[in-house]
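Engineer: Structure in structure tokens, see below.
The values are calculated or read from the model by the stated rules, or taken from the named source; none is laboratory data. Values in this document were obtained by computation on a predicted structure and should not be read as measured data. Counting neighbours? That spans all protein chains shown, and the Cβs are built from the backbone with ideal geometry, glycine included. Side chains are part of the model used for accessible areas, which takes the heavy atoms of the whole protein and leaves out ligands, DNA and RNA. Shrake-Rupley method; radii C 1.70, N 1.55, O 1.52, S 1.80 Å.
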Amino acid sequence: MSAQVENDARLVGVLGWPVGHSLSPAMHNAALRALKLNWRYLLLPVHPDDIPDAVHGLRALGFAGANVTIPHKVAVCALMDELTPEALAVGAVNTIIIRDGRFTGHNTDAYGFLTALTNAGYAPACRPALVLGAGGAARSVVYALARAGARVAIHNRTPERAHALAAALAPHLPGVSLQIVSAAGLPAALLAADLVINTTSVGMTGGPPGSPLPAGARLRAGATAYDLIYAPRQTPFLRQARAAGLHAVGGLGMLVHQGARALELWTGRDAPVAVMQRAAQRALAARARADGARRT
Ligand code: ATR
């Protein structure tokens with residue numbers, strides 16, 4: 001490839017710390033190649049102290065935008081010229097668009113979750129959903145489900161965080177009531193739920209081991225279990241759900257669809273979702289092999 005082409009390339013990337021494990025470069029560069037766009041998607045490791053300089057540096061360097069991941073999603077909000085209603089409600093930005101020198105902060109996580117859920121054959125409107133966890137990931141999921149008309153209940157190990165999440169979302173969800181489920185109420189809520197979503201880090205590679213549900217928890221056969229975790233692909237939560245007769249769905253689809261939406265926002269082109277899905281799967285498999293090799 002000529003230096004001229006490199007110099008002409010439009011740039012996007014992902015801000016995170018650490019960010020070396022991100023699947024986004026593989027997914028986005030595959031999509032940009034498939035669209036025959038002369039764009040590059042870069043890993044942008046930035047320490048939290050440097051995030052304001054880094055964001056302003058993107059503008060100086062002529063970037064079209066960026067993705068934002070842990071731990072910068074909340075801090076970046078304050079650096080934007082404007083926020084979309086989703087980013088404002090969720091209180092976090094995962095996609096920045098830079099246009100005419102102005103920063104717009106988007107959040108495509110709620111869209112990604114809802115699209116993945118719909119593609120898995122689940123229609124949430126008017127049906128009871130139980131969200132496990134009350135961190136940043138839960139906020140996107142609760143917002144997405146409530147906007148889609150689901151009846152949403154939240155259970156978290158630390159109940160105060162569940163109440164805080166509901167209070168933070170309330171102004172953005174007029175007319176919606178979010179139910180908080182205590183530990184004592186969990187068995188009944190699990191049996192009532194058509195959809196149970198794990199947004200906690202329990203069961204994630206490198207996270208707390210096990211399932212967020214107690215062993216022997218009774219679930220409703222025929223319901224859907226969605227785990228936001230995509231590494232490993234089979235989590236203890238999904239195994240437990242499948243054993244109880246639920247339709248079990250892993251988190252890779254949400255990752256792909258939040259990325260697809262970001263790509264569409266930057267480029268104005270339809271995202272090649274199947275290309276992105278395959279690239280993410282390949283990168284994930286390569287990462288699992290590398291992690292396995294390091295452990296042996
Ligand atoms: P994220 O932004 O990815 O959601 P987070 O804000 O750190 O991450 O939230 C992690 C979630 O996983 C929280 O709901 C947390 O519960 P607490 O609020 O009680 O900390 C949940 N979590 C983490 N470890 C857990 C464990 N061992 N058992 C149950 N829940 C756990």
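Engineer: At 7 Å along Cα-to-Cβ for each site, give me the label-to-label distance between Gln179 and Glu82 in nm.
Structural biologist: Modelled inter-label distance: 3.9 nm.
Engineer: Right, next: Probe radius 1.4 Å, ligands and nucleic acids left out: which of Thr95, Thr84 has the largest accessible area, and how do the rest follow?
Structural biologist: Heavy-atom accessible area, descending, gives Thr84, Thr95.
Engineer: Then there is this: What is the calculated FRET efficiency for Ala168 to Ala125, with r their C-beta to C-beta distance and R₀ = 22 Å, to the nearest 0.05?
Structural biologist: Approximately 0.40, to the nearest 0.05.
Engineer: Hey, can you grab everything whose amide H is under 5 Å from the amide H of Val196? Only 5+ residues off in sequence or another chain; H modelled, so Pro and N-termini drop out.
Structural biologist: Counting only residues 5 or more places away or on other chains, the set is Leu130, Thr224, Ala225, Tyr226.
Engineer: In terms of modelled amide H atoms, which long-range or inter-chain residues lie less than 5 Å from the amide H of Gly203?
Structural biologist: Placed amide hydrogens put Gly210 under 5 Å from Gly203.
Engineer: Apply the Karplus curve 6.51 cos²θ - 1.76 cosθ + 1.60, θ = phi - 60°, to the phi angles in the stretch 217-224 and return the couplings in whole Hz, x for Gly and Pro.
Structural biologist: Running phi through 6.51 cos²θ - 1.76 cosθ + 1.60 with θ = phi - 60° gives 4, 8, 10, 8, 4, x, 6, 10 Hz.
Engineer: Go through the stretch 274-281 residue by residue and turn each phi into a ³J(HN,Hα) via Karplus (6.51, -1.76, 1.60, θ = phi - 60°); whole Hz please, and just put x for glycine and proline.
Structural biologist: So the J values, rounded to whole Hz, are 5, 4, 5, 4, 5, 5, 5, 4.
Engineer: Moving on. Can you list the HN-Hα couplings for the stretch 82-90, worked out from phi with the Karplus curve (6.51, -1.76, 1.60; θ = phi - 60°), rounded to whole Hz and with x for Gly and Pro?
Structural biologist: 3J(HN,Hα) across the stretch 82-90, in whole Hz: 8, 10, 6, x, 5, 5, 5, 5, 6.
Engineer: Determine the order of Arg157, Arg289 by accessible area, beginning with the largest, at a probe radius of 1.4 Å.
Structural biologist: Largest accessible area first, the residues go Arg157, Arg289.
Engineer: At 1.4 Å probe size, with no ligands or nucleic acids counted, give the accessible surface of Tyr41 in Å², nearest ten.
Structural biologist: The accessible area comes out at roughly 10 Å².
Engineer: On to the next question. Going by alpha carbons, how many degrees (0 to 90, nearest 10) lie between the helix axis of 136-147 and the longest principal axis of the chain?
Structural biologist: 70
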